[in-house]
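J.: Before we start, here is the structure in question, set down as structure tokens.
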Amino acid sequence: MAKIAYIGAGSTGFGKQFIADIMSRPALAGSTLALIDINQENLDVMTAVARKMARQLDFPITIEPSVDRCEGLDGAGYVLFTVEAPGGIDQRQVERRISEKYGVDQAVGCTTGLGGVFRAMRYTPLMLDICRDMERLCPDAWLLHYANPTSSVPWILNAGAPKIQSVGMCHSVQHTAQTLCKYIGVPYEESGHWVAGVNHQAWFLRFEHKGQDAYPLLWEAMQKPEVYGQDVVRFELMKYFGHFVTESSYHNSEYVPYFRKNAELIERFTPKVGRWVDLQESTKVHMAERREQLRQQAGGDEPIQVDRSHEYSIGIIEAMETNVPFRFNGNVMNTGLITNLPYSCVEVPCLVDNMGIHPCYVGDLPPQCASLNRSRSAGDELVVKAALEGDRKAAEQAVALDPLTAAVCTLDQIHDMVEETFAGSMDYLPQLK
């Protein structure tokens, strides 16, 4: 049976959910789950949760916890990765504060601009080390990684560790599809979608309900203030670019130059969040709350609620093990899949079976949509160069190509901003030393 190695198993966001997803699939009974985390306390809690769930569900599975990554990877067929970039939330705060100092108010800073560029560079040494371990210990395994920015990290791995089979994972496609179904008032199970572009900026080329075009229903729903107000940025993009885009309005407000150039625009287009809420601080609070909930579940007498999620990863593993085909949206290299985008990392529908993952041909995107995607891909190309070659100038150029940064800063200001960020980040960038 399969051996699944899960790096970052102590995650409060994904850990319990992935375990539940595995144990809700009878085809994966008898598997081995190697739980790997460098934090012994978090690992112990998640191990206790996993074993309690297995007993509760009478699900046969071998749980192997370890703080030794190589021990867990040895012989694995699948590797899940949900680790925060080195430096963690504190370093993200450093990058955000510097960005704000120069007038660029990144909403999240995990995908584009200063935060996205430096986050990708911080991820690179760790993820390439993992790939080197996989080459020795499980060379045929699939690496399913959740690591924003998911339009540049998969490209970095493809270039830096080409022997490892990997795909960048995200949940913005299926979450957006669920959101659209809520807006038009239909069950998600009755809907269909065909989505392609780049991660966090992929386009709903088709959105259907019971086989019929559901876009007219979406345009109608947009006219309702209570609906429009929930997703202002994405409805504005649909109004002017013709298609709905993945990821939240809050995220999307920082990927383009139209919504966050000043406080007035931020309040207009992201009114529920505004510019003064510090997401990193709120994330710390939520993580602490979830961590305590996990401790209580692990040691308490009450049964643990087990619900299958809409995350793709375990469905991919099940399809490979059973040869029952499964379709998902993955982040892979553009080998002619989207014909009006360059060679870059794209998010496209993929089929999976026991022969592996097969990205689907999409063809041309609508030209206006492709144009926004090309802007992202141009910056990503320089991120890859900076991350793999330790090229400081390429990092600066990647930041300069970010649409929001370019709308706010002059080139000399961008240079100073990037240099200041390097000064506060070198502990996490060994490739630049």
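The values are calculated or read from the model by the stated rules, or taken from the named source; none is laboratory data. Being a predicted model, the structure only gives us computed values, none of them experimental. Here the Cβ is made from the backbone with ideal geometry for all residues, glycine too, and neighbour counts use every protein chain on show.
J.: Among the hydroxyl-bearing types (Ser, Thr, Tyr), buried (at least 20 other Cβ atoms within 10 Å of the Cβ), touching a Lys or Arg at 6+ places or on another chain (Cβ under 9 Å) and modelled with pLDDT of 95 or more: which single residue out of THR111, THR82, THR150 fits that description?
T.: Answer to the check: THR111.
J.: Count, please, the residues in the range 277-328 that happen to be assigned to a helix (DSSP H, G or I), modelled with pLDDT under 90 and aliphatic (A, V, I, L, M).
T.: 6
J.: Here is a further query. Among the listed residues GLU302, GLU311, GLU381, GLU292, which satisfies the condition of being closer than 30 Å to ALA50 by Cβ and under 21 Å from the mean Cα position of the chain (by Cα)?
T.: Going through GLU302, GLU311, GLU381, GLU292 in turn, the sole match is GLU311.
J.: Related question: How about the range 329-383: which of its residues are more than 13 Å from PRO154 (Cα to Cα), in a loop (DSSP other than H, G, I, E, B) and not β-branched (Val, Ile, Thr)?
T.: GLY336, LEU337, ASN340, LEU341, PRO342, ASN354, MET355, CYS360, TYR361, ASP364, LEU365, PRO366
J.: Let me ask something additional. Among residues belonging to the range 327-358 that are of a type in the set (Val, Ile, Thr) and under 16 Å from the mean Cα position of the chain (by Cα), point out the one that is surrounded by the most Cβ atoms within 10 Å (Cβ to Cβ).
T.: Selected residue: VAL346.
J.: Of all the strands (runs of 3 or more DSSP E) wholly in the range 113-223, which have at least 2 residues that are over 30 Å from GLU321 (Cα atoms)?
T.: Where strands (runs of 3 or more DSSP E) fall fully within the range 113-223 and carry at least 2 residues being over 30 Å from GLU321 (Cα atoms), they are 201-209.
J.: Can you give me the number of residues within the range 69-108 that are outside any loop (DSSP other than H, G, I, E, B) and aliphatic (A, V, I, L, M)?
T.: Residues flagged as outside any loop (DSSP other than H, G, I, E, B) and aliphatic (A, V, I, L, M) within the range 69-108 amount to 6.
J.: Take the conditions of a type in the set (S, T, N, Q) and closer than 22 Å to ASP21 by Cα and apply them to SER152. Does it pass?
T.: It is false that SER152 is of a type in the set (S, T, N, Q) and closer than 22 Å to ASP21 by Cα.
J.: Anything in the range 140-160 that is more than 15 Å from VAL83 (Cβ to Cβ) and touching a Gly at 6+ places or on another chain (Cβ under 7 Å)? List them, or say none.
T.: Listed by number, the residues that qualify are ALA141, PRO154.
J.: Report, ordered by the first and then the second residue, all pairs with beta carbons closer than 7 Å, sequence separation of six or more or different chains, a first member in the range 183-212 that is among the basic types (Lys, Arg), and a second member that is surrounded by fewer than 22 Cβ atoms within 10 Å (Cβ to Cβ) and not in a strand (DSSP E or B).
T.: Here the result reads LYS210/GLU190, each pair linking the range 183-212 to a residue that is surrounded by fewer than 22 Cβ atoms within 10 Å (Cβ to Cβ) and not in a strand (DSSP E or B).
J.: Of (1) surrounded by 14 or more Cβ atoms within 10 Å (Cβ to Cβ); (2) over 14 Å from SER24 (Cβ atoms); (3) among the hydrophobic types (A, V, I, L, M, F, W, C); (4) over 20 Å from the mean Cα position of the chain (by Cα), VAL324 satisfies all except one. Which?
T.: (1)
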